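Worksheet: the structure to be examined is printed underneath.
Just so it is clear, none of the values below were taken in a lab; they were calculated from the coordinates. Source: prediction; values computed, not measured. Cβ coordinates were reconstructed from backbone atoms using ideal geometry, including for glycine residues, and neighbour counts include every protein chain displayed.
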Amino acid sequence: MAVLTHPDFWLALAQIILINIVLSGDNAVVIAMASRSLAPAQQKQAILFGSVGAIVLRVVLTFFAVYLLTLPYLKLVGAVLLLWIGVGLLKGGDADDELQGHASLGAAIKTIVVADLVMSLDNVVGVAAAAKGNVTLLVLGLVVSIPLIIFGSTLLLKLMERLPVIVTLGAGLLGWVAGEMAVSDPAIADWAQQRHVLHTLVPALGAIGVVLVGKWLTSRQPAPGADPTAA
């Protein structure tokens, strides 16, 4: 139990919770849109059963991801993927508006589970990376995050709209975690261990790079309602 008093444990737990919250905004939208055509009583059932089903499958996938990240070179691939996810978080542009509501409870639940799984790759990789193979951290992070996502999704979405800095911090955190993941890959871990500065420099560059590239790509996007073909 000594690990519970170590600052690194609580820092990693905070990272897992923040990653889950920031990256689950789209999942909250999926839940709302898939169940919007149901009767009020069925909406609550769709949200409950759909969320539980998606969460169980996500936990299973995350455990597999933790194992896979122990294999050589996969952490390097995962780091690149996390950098891409972080940039995409700032850039936006997810096609959530293409999801349709369902009049059937079963169809709504199925849509929630499938869509959540398809969109949860970022959560799975991000959480697995932040947990660094610590199963206790993994479970605690998911347990704490899940109620926040299900019951506070609307509040969280409004909070992120009012305070965009939260999204920026989340994207930067993904860049930092990507850097940590890269230098801890079994294929280069021994080499990186002899160069201690890399364990701070690479994560810092990852965080700064994600924010700068994400902001740059955002600035190049046409404003809402603007004609993209206009000169």
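In nm, to one decimal, how far is the modelled label at Val77 from the one at Leu11, with both set 7 Å along Cα→Cβ?
2.9 nm
Separation between the Val56 and Trp216 pseudo-spin-labels, each 7 Å from Cα along Cα→Cβ, expressed in nm?
Result for the modelled spin labels: 4.6 nm.
Quick check on packing: order 38-49, 191-202 by the mean number of other C-beta atoms within 10 Å, highest mean leading.
With the highest mean Cβ count within 10 Å placed first, the list reads 38-49, 191-202.
Spelling out what I want: for every residue of the range 61-78, take phi, set θ = phi - 60°, compute 6.51 cos²θ - 1.76 cosθ + 1.60 (Karplus), and round to whole Hz; glycine and proline get x.
With coefficients 6.51, -1.76 and 1.60, one gets 5, 5, 4, 5, 5, 4, 5, 4, 6, 8, 7, x, 6, 5, 5, 5, 5, x Hz.
Starting from the 7 Å offset along Cα-to-Cβ, what nm value, one decimal, do you get for the label separation of Phe49 and Ser104?
If labels sit at Phe49 and Ser104, their model points lie 1.2 nm apart.
Can you work out the Karplus-derived ³J(HN,Hα) for every residue in the range 177-185? Use 6.51 cos²θ - 1.76 cosθ + 1.60 with θ = phi - 60°, whole Hz, and x for glycine or proline.
Result, ordered by residue: 4, 4, x, 4, 5, 4, 6, 9, 4 Hz.
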